1. Determine, yes or no, whether ALA194 is over 30 Å from LEU121 (Cα atoms), of a type outside the set (Lys, Arg) and modelled with pLDDT of 70 or more.
2. Just to verify a result, which residue in the stretch 140-169, among those that are part of a loop (DSSP other than H, G, I, E, B) and among the small types (Gly, Ala, Ser), is modelled with the lowest pLDDT?
3. Just the residues that are at pLDDT below 90 and either among the acidic types (Asp, Glu) or surrounded by 12 or more Cβ atoms within 10 Å (Cβ to Cβ) (or both), please, taken from the stretch 11-25.
4. If GLY276 passes every condition in (1) loosely packed, with under 10 Cβ neighbours inside 10 Å; (2) at pLDDT 75 or above; (3) of a type outside the set (Phe, Trp, Tyr) but one, which one does it miss?
5. Here is a check on your reading of the model: is ASP61 charged (D, E, K, R), loosely packed, with under 14 Cβ neighbours inside 10 Å and assigned by TED's automatic domain parsing to the domain that holds GLN11?
6. Would you confirm whether any residue within the stretch 72-90 is in contact with a strand residue (DSSP E or B) (Cβ under 9 Å, 6 or more places away or on another chain), within 19 Å of LYS165 (Cβ to Cβ), of a type in the set (Gly, Ala, Ser) and crowded, with 17+ Cβ neighbours inside 10 Å?
7. What number goes with the only condition from (1) modelled with pLDDT of 75 or more; (2) touching a Phe, Trp or Tyr at 6+ places or on another chain (Cβ under 9 Å) that HIS172 does not pass?
8. Go through VAL99, VAL125 for me and flag whichever is of a type in the set (Val, Ile, Thr) and exposed (fewer than 15 other Cβ atoms within 10 Å of the Cβ).
Amino acid sequence: MAEHGISRGQQVAVVWDSHSSTEELQSLVQNIQAIVGAEGRVSVENIDQLLQSSHKESSFDVVLSGLVPGSSTVHSAEVLAEIARIVKPGGRILLKEVVTTETGNNSRLKSISKLPTALKLSGLVEIKELQKEPLTSEQTQSVQERLGLQCNDLLSVQIEGKKPKFEVGSSHQLKLSFAKKPAPVEKPALDSTAAKLWTLSANDMNDEDMDLLDSDELLDPEDLKKPDPASLKAPTCKESGKRKACKNCTCGLAEELEQEKKSQQPKSACGNCYLGDAFRCASCPYLGMPAFKPGEKILLNENNLHDA
């Protein structure tokens, strides 16, 4: 019992399977009870009934499973999770399980490399292998018949794990320290004498000692020449069919087009304007004017153009 690390006053759970020897189970329980004494307690559970047990979480200091001589225990993920639930934070779990050395095995047995991973996934830490030994021919045949296996490379591995020193779902307040913000740096006081050096007012200027320049003297003769209006026009102004002034036109095209519009001779829509008012339409700009010869240039005053 010394290698199991059981001490006086501890709560111990012994998990066995139906293939264990009854005499060996009783002997193991009696030896554990003698170690823990009256202050401790030993609970015995069948692995097939463990999930239906009424044990509260964190009930045992040590859980032994599959350690009864003659056992060929296989721990499912549900059983491992239940064992991790009933053990106390910081408590120890000792398991003995039949594994296979074959990789990529699809049977119910875990490979020897996947057994520690299964314990870690159940929530255990500090996993370490204590012992491994091959099964006897009788044990191998028994496992093959019970699980329907054909592989012969079977081992019995004893492994240990611990539950973390906290319960699942527990919380703890973290004390976080934040760096204090540095105190704001005060701006140095402004030197009054330095401020006066950078202050310049009209009273400090002596007009008699200052030479003023005429802005026209800074211009060359070429700068005084007026630009050619044609050179101010945009390239698109010179294109045929695009005589349209830009918005905010400055090249004079807008004024040129406006002048052309005013001097443009109106055209007759019906072709009968020259015959007189009897042949003119109601909106004719020549209403009230005498008849004229076809092709004769007729000048309309500005009032007639606006009325039309």
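1. Spelling it out, it is not the case that ALA194 is over 30 Å from LEU121 (Cα atoms), of a type outside the set (Lys, Arg) and modelled with pLDDT of 70 or more.
2. Looking at the filtered set, the residue picked out is GLY169.
3. Those that are at pLDDT below 90 and either among the acidic types (Asp, Glu) or surrounded by 12 or more Cβ atoms within 10 Å (Cβ to Cβ) (or both): TRP16, ASP17, HIS19, SER20, SER21, GLU23, GLU24, LEU25.
4. Of (1) loosely packed, with under 10 Cβ neighbours inside 10 Å; (2) at pLDDT 75 or above; (3) of a type outside the set (Phe, Trp, Tyr), only one is false for GLY276: (1).
5. For ASP61, the condition - charged (D, E, K, R), loosely packed, with under 14 Cβ neighbours inside 10 Å and assigned by TED's automatic domain parsing to the domain that holds GLN11 - is not met.
6. Checked against the condition, which is being in contact with a strand residue (DSSP E or B) (Cβ under 9 Å, 6 or more places away or on another chain), within 19 Å of LYS165 (Cβ to Cβ), of a type in the set (Gly, Ala, Ser) and crowded, with 17+ Cβ neighbours inside 10 Å, the stretch 72-90 yields at least one hit.
7. Going through (1) modelled with pLDDT of 75 or more; (2) touching a Phe, Trp or Tyr at 6+ places or on another chain (Cβ under 9 Å) one by one, HIS172 breaks only (1).
8. On inspection, the qualifying residue turns out to be VAL125.
The values are calculated or read from the model by the stated rules, or taken from the named source; none is laboratory data. This is a predicted model, so every value here is computed, not measured. Neighbour counts are summed over all protein chains in view; Cβ atoms, including those assigned to glycine, are modelled from backbone coordinates with ideal geometry.
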